[in-house]
Amino acid sequence: MATGDQADFARRIRQILPFGWFPAAPSQTQEEKAPVLNGVLQGIGNILEWVLALFTQVNAQMRLATASGDMLGMIAYDYFGDSLPRASGETDDAYRARIQQSLVAAKNTRAAIAQTLRSLTGEEPIIVEPTNATDCKGLATLVSPAVGGGYGYGVPGFYYGGLNGGQFFVTTKRGNAPSTAAIYAAINNVRAEGVAAWVRVEG
């Protein structure tokens, strides 16, 4: 007999029955004097054992650290929608680790987008920002638009505090990503609002 099993519940219920109504529970060497009562109590104990097992399982699913199976997928969907599906053959521990990393992941930066795509696809993405001098080799103005794409001081819409959103270009291989849609969703989850992402998925 173990705590919380069928026999344990039957014993506990029998202990709280009114004294004198039924024969006392037998010891291990004695014969049962109330087999009908014992059968009823064992049946109730079986149900209570199942309820306790279900409660224990459900209680574990309430926390990311102890959730398992499909509940991990539901937790990921609650937080990230379709952008963080379980990979084929991925273990609970590996999927849980990805969810935990995503909860505290950096966002709104080039590095964050690159890391997100590396984690999802297993491939190194190519990211180009038109207004990044490292990518486009220079800035310019309206009087010399051929240099650096025509961005620079004195250009309408390109000034500190402007409300025009930026844009960037991404080329990535699909790699381990379950779908192209998952790549789009991952980028949308990380990019800053109002910034356009032009994405090319290869393979």
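Just so it is clear, none of the values below were taken in a lab; they were calculated from the coordinates. Computed from a predicted model, the values in this text were never measured in an experiment. Heads up, the Cβs are rebuilt from the backbone with ideal geometry, glycines too, and the neighbour counts pull from every protein chain shown.
Normalised by the number of residues in segment 6-60, what is the relative contact order in percent for Cα pairs under 8 Å and 6+ residues apart? Before the final figure, lay out each step's value.
On the way: 31 pairs, mean separation 27.9, N = 55.
This gives 51 percent for segment 6-60.
For segment 1-78, state which GluC sites (Glu not before Pro) are in a DSSP loop and have at most 10 other beta carbons lying within 10 Å of their beta carbon. Filter output for segment 1-78: GLU31.
Structure remark: mean-square fluctuation, Gaussian network model of the chain, C-alpha springs under 10 Å; the largest value among ALA25, ALA105, ALA94 belongs to ALA25. The Cα center of segment 109-135 and the Cα center of segment 10-68 differ in position by 59 Å. Measure nothing fancy, just the Cα-based angle from helix 180-190's long axis to the longest principal axis of the chain, in degrees from 0 to 90, nearest 10. Approximately 80 degrees, to the nearest 10. Shown here for segment 1-76: trypsin sites (Lys or Arg not before Pro) in loop regions (DSSP other than H, G, I, E, B) with at most 16 other Cβ atoms within 10 Å, namely LYS33, ARG63.
Per residue, the average separation of C-alpha pairs within less than 8 Å and at least 6 apart gives the chain a relative contact order of 16 percent.
Under a Gaussian network description of the chain, with springs only between Cα atoms under 10 Å, the residue in PHE22, PHE55, PHE169 that fluctuates furthest is PHE22.
Quick check: net charge around THR116, other residues with Cβ under 14 Å of its Cβ, Lys/Arg +1 and Asp/Glu -1?
On the way: positive: ARG98, LYS107, ARG110, ARG118, ARG191; negative: GLU123, GLU124.
Taking every other residue near THR116 into account, the sum is +3.
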